[in-house]
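K.L.:
If you scroll down you'll find the structure; I have some questions about it.
The values are calculated or read from the model by the stated rules, or taken from the named source; none is laboratory data. Note that the coordinates shown come from a computational prediction; the quantities given were computed from them, not determined experimentally. With ideal geometry, Cβ positions are generated from the backbone for all residues, glycine too; neighbour counts draw on all protein chains shown.
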Amino acid sequence: MGLLFPNSAVAVLADQKTADIFKGTVIKHGFEFIQVQNLQLGAYRLQKVLPQLIVLDSDVPDFNEHSLRLLIEKNPNVKNIPVLLLSRSNGNFEYLQNKFDLDLKIVDRKQHKDITAEIEKYLQPCIILKFWGVRGSAPSANAEYMKYGGNTTCVQIESPIHDDILILDCGTGIRNLGNEIAERIQNQASGHLFITHPHWDHIQGFPFFKPFYHSKNRFRIHMPEQYRGGTEEILSGHMTKTFFPVTLDMFEADIEYVTQSEEMQHYNGFTLEYMVANHPTKTAMYKIQIGGYVIVFAPDNELNEDPTPIRFNDRFEHFISNCDLLIHDGQFDKEMYKNRVGWGHSSWEATVELARRNHVKRLYLTHHDPDSTDEILDRISKKLEQYQNNPFADIRLAKEGAVIKLPLQKSVSAYKK
Ligand SMILES: [Zn+2]
Ligand SMILES: [Zn+2]
């Protein structure tokens, strides 16, 4: 069962006649078909479900900015769900994408074949990644940071090939993920937590992960060996009575601590290896192969024109070459970086340049500086648009709550063999 989209539903805000055009397609793919006649009803109906896709007909009687705002206010998750807007030929709705910060795709409502083809794309089984925390260094909870989010690093990967929950880093973002797991799958959770390194911003949420406190859950926690010890020693040092009232032995779940080696390891449904980052403590940049995709996760890594040792850049370029998705440190811009050389973080410009040179297909910049407000990040985001579709299939700033979907190229059963 999927955790991210447990209902496997498509929400359709359209009249019966329009809905009938693609109802069969949705049901054929095993999705529940939820239809309401207008936006107002949709605002309340969606509070009970988390659909994979929203199909919205611009011909519903209350299609206007006021009703759209209500829908989003009642369902903040709508911002992370793709919306397929069926548009009249004279409708110019592109502006809604920016105005409401939506993942919006527009199709002509008269082109029935196009509508069905678009919907089918969204219903393919996918590897899904979700950002639960994208902030670097320290959480930033101020109002002017809320569009991109204030929690520190945490990413979840979900795959239809197996039920294990994959988690990358446990910054403060992991708390919300844990609450979601506790609520949705209660106490049968099992999975892996791969920690890149034990700097505060990557482990601060660790003791607040609810599934650790139930005996039926099972997790393996991985981290590269540190100067002062392996995974268990480092985490127990962080959780002594001086710093926190709970110690590791008070967790109820079945937990195994793994000190991770760089070599490729095979797990149920995926492989994982890592390269050590250019960062002040031993830090993993994880490479995960899952569902036919290569994903590299490197939230803390300094790209420097004058690296020491010099071979680091060559090795890293080889490591990310042609990967399908790179999630990389872009904490600063070029100007900020000049005064922060050696801090272990990169400018977004250097990251884009390196990714481009090495034919990375999708690039997400993360570990946003705690002083970068939404306004600052919006400006960077605007600059990234020039690279969208050329050379990158996708390039964005990571945003808390955002989801990346990578459709499987083969059937789920083909990967299980
Ligand atoms: Zn960090
Ligand atoms: Zn760090």
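K.L.:
Out of everything in the range 250-294 that is closer than 17 Å to GLY191 by Cα and of a type in the set (Phe, Trp, Tyr), what residue ends up being surrounded by the fewest Cβ atoms within 10 Å (Cβ to Cβ)?
P.N.:
It comes out as TYR267.
K.L.:
Right, something else. Residues that are among the basic types (Lys, Arg) and within 25 Å of ALA143 (Cα to Cα), at least 2 per element: which helices (runs of 4 or more DSSP H) completely within the range 320-395 meet that?
P.N.:
374-384
K.L.:
I need the full set of residues from the range 153-206 which are under 15 Å from PHE297 (Cβ atoms), outside any strand (DSSP E or B), of a type outside the set (S, T, N, Q) and under 15 Å from the mean Cα position of the chain (by Cα), in order please.
P.N.:
ASP169, CYS170, GLY171, GLY173, ILE174
K.L.:
When the residues of the range 373-386 are filtered to those that are in contact (Cβ under 8 Å) with a residue 12 or more places away in the chain and over 24 Å from HIS318 (Cα atoms), which remaining residue is surrounded by the fewest Cβ atoms within 10 Å (Cβ to Cβ)?
P.N.:
Among them, the one singled out is GLU375.
K.L.:
Follow-up question, since we're still on this one. In the range 388-395, is there at least one residue being away from ligand 1 (no atom under 15 Å from the Cβ), closer than 22 Å to GLY150 by Cβ, in the same structural domain as MET146 (by TED's automatic domain parsing) and modelled with pLDDT of 95 or more?
P.N.:
Among the residues of the range 388-395, not one is away from ligand 1 (no atom under 15 Å from the Cβ), closer than 22 Å to GLY150 by Cβ, in the same structural domain as MET146 (by TED's automatic domain parsing) and modelled with pLDDT of 95 or more, which makes the answer no.
K.L.:
Still on this structure, please answer the following. In the range 109-142, what count of residues is obtained for those that are among the charged types (D, E, K, R), touching a strand residue (DSSP E or B) at 6+ places or on another chain (Cβ under 6 Å) and more than 17 Å from LEU406 (Cα to Cα)?
P.N.:
Within the range 109-142, residues that are among the charged types (D, E, K, R), touching a strand residue (DSSP E or B) at 6+ places or on another chain (Cβ under 6 Å) and more than 17 Å from LEU406 (Cα to Cα) number 3.
K.L.:
Among the numbered conditions (1) within 26 Å of LEU406 (Cβ to Cβ); (2) out of contact with any Asp or Glu (no Cβ under 9 Å at 6 or more places or on another chain); (3) at pLDDT 95 or above, tell me where THR283 comes up short.
P.N.:
Every listed condition holds for THR283 apart from (2).
K.L.:
Oh, and also: Report whether or not ASP20 is out of contact with any Lys or Arg (no Cβ under 7 Å at 6 or more places or on another chain), outside the structural domain of ILE181 (by TED's automatic domain parsing), outside any strand (DSSP E or B) and over 30 Å from GLY191 (Cα atoms).
P.N.:
Taking the combined requirement at face value, the residue satisfies it.
K.L.:
Could you check how many residues of the range 267-312 are of a type outside the set (Ser, Thr, Tyr) and assigned to a loop (DSSP other than H, G, I, E, B)?
P.N.:
Residues in the range 267-312 being of a type outside the set (Ser, Thr, Tyr) and assigned to a loop (DSSP other than H, G, I, E, B): 20 in total.
K.L.:
Restricting the range 337-370 to residues that are charged (D, E, K, R) and within 16 Å of ligand 2 (Cβ to nearest atom), which is surrounded by the most Cβ atoms within 10 Å (Cβ to Cβ)?
P.N.:
Checking each candidate, the answer is ASP369.
K.L.:
Among all residue pairs at least 6 apart or on different chains, which show Cβ distances below 7 Å where the first residue, located in the range 211-229, is in contact (Cβ under 8 Å) with a residue 40 or more places away in the chain and the second is among the aliphatic types (A, V, I, L, M) and part of a helix (DSSP H, G or I)?
P.N.:
PRO211/ILE181; PRO211/ALA182; MET223/ILE234; GLN226/ILE234
K.L.:
Going by the structure shown, is ALA298 small (Gly, Ala, Ser), touching a Leu at 6+ places or on another chain (Cβ under 8 Å) and within 16 Å of ligand 1 (Cβ to nearest atom)?
P.N.:
In short, yes.
K.L.:
Looking only at the range 259-274, decide whether some residue is among the β-branched types (Val, Ile, Thr) and touching a Pro at 6+ places or on another chain (Cβ under 6 Å).
P.N.:
No, every residue in the range 259-274 fails to be among the β-branched types (Val, Ile, Thr) and touching a Pro at 6+ places or on another chain (Cβ under 6 Å).
K.L.:
Restricting attention to the range 144-161, does a residue exist that is over 14 Å from ALA402 (Cα atoms), aliphatic (A, V, I, L, M) and modelled with pLDDT of 95 or more?
P.N.:
Checking the range 144-161: not a single residue is over 14 Å from ALA402 (Cα atoms), aliphatic (A, V, I, L, M) and modelled with pLDDT of 95 or more.
K.L.:
Let me ask something else about it. Tally up the residues in the range 182-207 that are surrounded by 17 or more Cβ atoms within 10 Å (Cβ to Cβ) and either farther than 19 Å from MET250 by Cβ or free of Cβ contacts under 8 Å to residues at least 60 places away in the same chain (or both), please.
P.N.:
Qualifying residue count, the range 182-207: 18.
K.L.:
Looking at the range 124-173 only, could you name the residues that are within 21 Å of LEU408 (Cα to Cα) and among the polar types (S, T, N, Q)?
P.N.:
Those that are within 21 Å of LEU408 (Cα to Cα) and among the polar types (S, T, N, Q): GLN124, GLN156, SER159.
K.L.:
While we're on this one: In the range 369-385, is there at least one residue being over 16 Å from LYS147 (Cβ atoms) and in contact with a Pro (Cβ under 6 Å, 6 or more places away or on another chain)?
P.N.:
no
K.L.:
Kindly provide the set of residues from the range 212-240 that are in a helix (DSSP H, G or I), more than 16 Å from ligand 1 (Cβ to nearest atom), of a type outside the set (A, V, I, L, M, F, W, C) and out of contact with any Lys or Arg (no Cβ under 9 Å at 6 or more places or on another chain), ordered by number.
P.N.:
TYR213, THR231, GLU232, GLU233, SER236
K.L.:
Something else about it: Looking at the range 77-105, which of the residues that are in contact (Cβ under 8 Å) with a residue 60 or more places away in the chain and in a helix (DSSP H, G or I) is surrounded by the most Cβ atoms within 10 Å (Cβ to Cβ)?
P.N.:
ASN80
K.L.:
Mind telling me which of the residues PRO207, PRO198, PRO245 ends up being in contact with a strand residue (DSSP E or B) (Cβ under 8 Å, 6 or more places away or on another chain) and either assigned by TED's automatic domain parsing to the domain that holds PHE131 or within 16 Å of ligand 2 (Cβ to nearest atom) (or both)?
P.N.:
After applying the criteria, what remains is PRO198.
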